[in-house]
1. Report the residue count in the stretch 74-119 for those that are assigned to a strand (DSSP E or B), open to solvent by 30 Å² or more (accessible area, probe 1.4 Å) and in contact with a Leu (Cβ under 7 Å, 6 or more places away or on another chain).
2. May I ask you to verify whether residue 166 is among the polar types (S, T, N, Q), outside any helix (DSSP H, G or I) and either more than 14 Å from the chain's Cα centre (by Cα) or under 16 Å from residue 42 (Cα atoms) (or both)?
3. Kindly indicate the residue of the stretch 120-153 that is polar (S, T, N, Q) and within 14 Å of the chain's Cα centre (by Cα) and also most open to solvent (accessible area, probe 1.4 Å) among those meeting that condition.
4. Residue check: is residue 108 under 17 Å from the mean Cα position of the chain (by Cα), free of Cβ contacts under 8 Å to residues at least 60 places away in the same chain and more than 30 Å from residue 167 (Cβ to Cβ)?
5. Which ones in the stretch 48-64 are farther than 17 Å from residue 184 by Cα, part of a strand (DSSP E or B) and open to solvent by less than 40 Å² (accessible area, probe 1.4 Å)?
6. Pick from the stretch 171-195 the residues that are in contact (Cβ under 8 Å) with a residue 12 or more places away in the chain and over 17 Å from the mean Cα position of the chain (by Cα): which of them is farthest from residue 117 (Cα to Cα)?
Amino acid sequence: MKRLSLLLAAGLLSACSILPQSEPLDIYLLPGAALPAQTQRVDWSLRVNSPVSNQLLDGTRIVVLPEPGRVNTYQGVRWSERTPQLLRGRLLDAFHDDGRVQALSNEEQRLQADLELVSDLRSFHSQYRDGRPEALIQLDVRLVDARDQRILASRRFSVSQSASDTSIAAVVKAFGQAGDQLSRELVDWTLAEGQRANP
């Protein structure tokens, strides 16, 4: 019996040694610069929902298109959370920085809101142009009256930002800069359309 136990243990150890080693991971946050704070305030509340995305973007891998029609991911690196939640967090930070909408929430908190942002994430990847990667974020957004689910306004936001070189750090920085520009445009658009709907 003791011999059998030793054989089983030896078998388990040898089995463990042939398993592939897990790849080391570098986890990246989406960098972002704060928006300038505004002094005026609105009296309506806003819920910012996580964008809906396809299966490719609904994960933590950093997606790259090395050439048109071919999709890959950067090895050994991940975003800190799934891409839709990563972008939702960046947008909420932008609204908080801006300060005009004081009553903010997201769909997970299940709080009542006057308006909500519903969106589809079409692109959140890097692609190569003239041998240099650029970050591309494309988001189709609808501003919705949360009381009757009526669409008040819609717009496609598309932002690209070239990286300074081909390193992953430069690519992540380019994503952050693209996210900053998209956030600024989306916040201003939401405030303008929200005030039009709630004069």
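1. The initial filter retains those residues of the stretch 74-119 that are assigned to a strand (DSSP E or B), namely 74-79, 104-106, 115-119.
Subset that is open to solvent by 30 Å² or more (accessible area, probe 1.4 Å): 74-75, 78, 104, 118.
Checking which are in contact with a Leu (Cβ under 7 Å, 6 or more places away or on another chain) leaves us with 78, 104.
Number of matching residues: 2.
2. Values: among the polar types (S, T, N, Q): yes; outside any helix (DSSP H, G or I): yes; either more than 14 Å from the chain's Cα centre (by Cα) or under 16 Å from residue 42 (Cα atoms) (or both): yes.
When the stated conditions are applied, residue 166 passes them.
3. Of all residues in the stretch 120-153, those polar (S, T, N, Q) come to 123, 126-127, 138, 149.
Now drop any that are not within 14 Å of the chain's Cα centre (by Cα), which leaves 123, 126, 138.
Values: 123: 14, 126: 0, 138: 39 Å².
Only one residue tops the list, namely 138.
4. Details: under 17 Å from the mean Cα position of the chain (by Cα): yes; free of Cβ contacts under 8 Å to residues at least 60 places away in the same chain: yes; more than 30 Å from residue 167 (Cβ to Cβ): yes.
In short, yes.
5. Across the stretch 48-64, the qualifying residues are 53, 62, 63, 64.
6. Here the answer is 195.
The values are calculated or read from the model by the stated rules, or taken from the named source; none is laboratory data. If you're wondering where the values come from, they're calculated on a predicted model, not measured in any experiment. We place every Cβ from the backbone using ideal geometry, glycine too, and count neighbours over all the protein chains shown. Heads up: the accessible areas ignore ligands, DNA and RNA and are worked out on the full protein's heavy atoms, side chains in. Shrake-Rupley method; radii C 1.70, N 1.55, O 1.52, S 1.80 Å.
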